[in-house]
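All remarks here apply to the structure that follows.
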Amino acid sequence: MKHSLPDAVLISEVGPRDGLQSVKTIMATGDKLKWIDALYAAGLREIEVASFVPAALLPQMADAAAVVKHALTLPGLTVMALVPNVRGAQAALQAGVHKLTIPVSASEAHSLANVRKTREQMVAEVRSIVALRNEVASAVRIEAGMSTAFGCTIQGEVREDDVVWLAEQVIAAGVDESGLSDTTGMANPAQVRRLFNRVRAAIGERTGAAHMHNTRGLGLANCLAAYDVGVRTFDASLGGLGGCPYAPGASGNVVTEDLAFMFEAMGVRTGIDLEKLIAARAPLMAGLPGEPIYGMTPEAGLPKGYVQGAAHV
Ligand code: ZN
């Protein structure tokens, strides 16, 4: 019997950064390392482990360098960190990360509120980070994560032309890829298809990850829409850590367990062992006692007769 090789996707785990920086409790460094080890054991091969920002602003990330140092001991893991400026990039490169992600806002209002810079000023910052990378660590990859690409809680609608323009700007500034983030959970699948198609038409294979939120329950639908138009890297957070304060009971980030289950059940390879992934919730819960975590698949359990990888043999 002849059948074509099914696609594979990369699920990029953002919980240790995106998740932990949105909860008030500070997870102890030892607990973070145990959690990262469990994520790695489940097969995740790209993890955003920290953000390099002043500890006064985000005490949750004060141990970023120590966390990176440990993550670098895991063979084959792409160790990623978020950096909002050159100073953060310096620290992250010094720590030895493999990949930097820089947040840029498609919404001018969000950009001013979040990094106190206009979009043009942020593009200039991106250019400086790229120059630094080229000088001191040319093998490190840089991604721009375009926040509020699908809508903004401050300014409302974000014009698609602005998103395409900004993607072109950051690529011209030298980043390796630009992904699109639904920071505020406002995206719908039709919009996701349209916008990823438009961005791909503008920057081609430099189109990066889909970072979707589940604020209104559309996280998985939006990931599938992005998959349908060629996206193969998806950000997600174990247990959906990083809850949205505007939607009590709903998770913020797409839940890694549900996303991995969706793809594996479809026969799309993720490289993830679902049972081990669900087991990775234990060190997360141990490190953040009392913090709500989400996920339909872990609650329901794997379906009867489910065999990992069976769909693609
Ligand atoms: Zn997020």
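Filtering Thr256, Thr233, Thr184 for residues that are under 22 Å from Glu157 (Cα atoms) and among the hydroxyl-bearing types (Ser, Thr, Tyr) leaves a single hit, Thr184. Every condition in (1) at pLDDT 95 or above; (2) within 16 Å of the ligand (Cβ to nearest atom); (3) in a loop (DSSP other than H, G, I, E, B) is met by Gly174 except one, and the failing one is (2).
Per-residue answers, yes or no, for (1) out of contact with any strand residue (DSSP E or B) (no Cβ under 7 Å at 6 or more places or on another chain); (2) farther than 17 Å from Gly145 by Cβ; (3) within 12 Å of the ligand (Cβ to nearest atom):
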residue: Leu195; (1), (2), (3): no, no, no
residue: Gly208; (1), (2), (3): no, no, no
residue: Ala226; (1), (2), (3): no, no, no
residue: Gly240; (1), (2), (3): no, yes, yes
residue: Gly252; (1), (2), (3): no, no, yes
residue: Ala265; (1), (2), (3): yes, yes, no
residue: Arg281; (1), (2), (3): yes, yes, no
residue: Met285; (1), (2), (3): yes, yes, no
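Of all the residues in region 22-66, those that are within 19 Å of the chain's Cα centre (by Cα), part of a helix (DSSP H, G or I) and not hydrophobic (A, V, I, L, M, F, W, C) number 5. Suppose the filter is open to solvent by less than 60 Å² (accessible area, probe 1.4 Å), within 22 Å of Val83 (Cα to Cα) and in contact (Cβ under 8 Å) with a residue 24 or more places away in the chain; does Ala187 pass it? Here the answer is no, as Ala187 does not meet what is asked. Could you list, in sequence order, all residues of region 115-160 that are in a strand (DSSP E or B) and either crowded, with 20+ Cβ neighbours inside 10 Å or touching a Leu at 6+ places or on another chain (Cβ under 6 Å) (or both)? Ile142, Glu143, Ala144, Gly145, Met146, Ser147, Cys152, listed by residue number. Going by the structure shown, is Ile293 modelled with pLDDT under 95, touching a helix residue (DSSP H, G or I) at 6+ places or on another chain (Cβ under 6 Å) and either over 16 Å from Gly219 (Cβ atoms) or among the hydrophobic types (A, V, I, L, M, F, W, C) (or both)? Considered against the rule, which asks whether it is modelled with pLDDT under 95, touching a helix residue (DSSP H, G or I) at 6+ places or on another chain (Cβ under 6 Å) and either over 16 Å from Gly219 (Cβ atoms) or among the hydrophobic types (A, V, I, L, M, F, W, C) (or both), Ile293 comes out as yes.
Considering only residues in region 210-224 that are small (Gly, Ala, Ser) and away from the ligand (no atom under 14 Å from the Cβ), the one that is surrounded by the most Cβ atoms within 10 Å (Cβ to Cβ) turns out to be Ala221. Return only the number of the condition from (1) open to solvent by 60 Å² or more (accessible area, probe 1.4 Å); (2) farther than 24 Å from Ser181 by Cβ that Gly96 does not satisfy. Gly96 satisfies all of (1) open to solvent by 60 Å² or more (accessible area, probe 1.4 Å); (2) farther than 24 Å from Ser181 by Cβ except (1). Would a scan of region 241-254 turn up a residue that is surrounded by fewer than 20 Cβ atoms within 10 Å (Cβ to Cβ) and modelled with pLDDT of 95 or more? Within region 241-254, not a single residue is surrounded by fewer than 20 Cβ atoms within 10 Å (Cβ to Cβ) and modelled with pLDDT of 95 or more.
Hey, can you tell me all the residues within region 136-154 that are among the hydroxyl-bearing types (Ser, Thr, Tyr) and under 14 Å from the mean Cα position of the chain (by Cα)?
Once the filter is applied, which keeps residues that are among the hydroxyl-bearing types (Ser, Thr, Tyr) and under 14 Å from the mean Cα position of the chain (by Cα), region 136-154 yields Ser147, Thr148.
Scoring Leu112 on the criteria (1) open to solvent by less than 10 Å² (accessible area, probe 1.4 Å); (2) away from the ligand (no atom under 16 Å from the Cβ) leaves a single failure, condition (1).
Pairs are defined by a Cβ separation below 7 Å, a sequence spacing of at least 6 or placement on different chains, a first member in region 191-219 that is closer than 15 Å to Cys152 by Cα, and a second member that is part of a strand (DSSP E or B) and among the charged types (D, E, K, R); the pairs so defined are His211/Asp235.
The values are calculated or read from the model by the stated rules, or taken from the named source; none is laboratory data. Only a predicted model underlies this, so the values are computations on that prediction, with no experimental measurement involved. Reconstructed Cβ throughout: ideal geometry from the backbone, glycine too, with neighbour counts over all protein chains shown. Accessible surface is based on the protein model in full, side chains and every heavy atom, while ligands, DNA and RNA are left aside. Shrake-Rupley method; radii C 1.70, N 1.55, O 1.52, S 1.80 Å.
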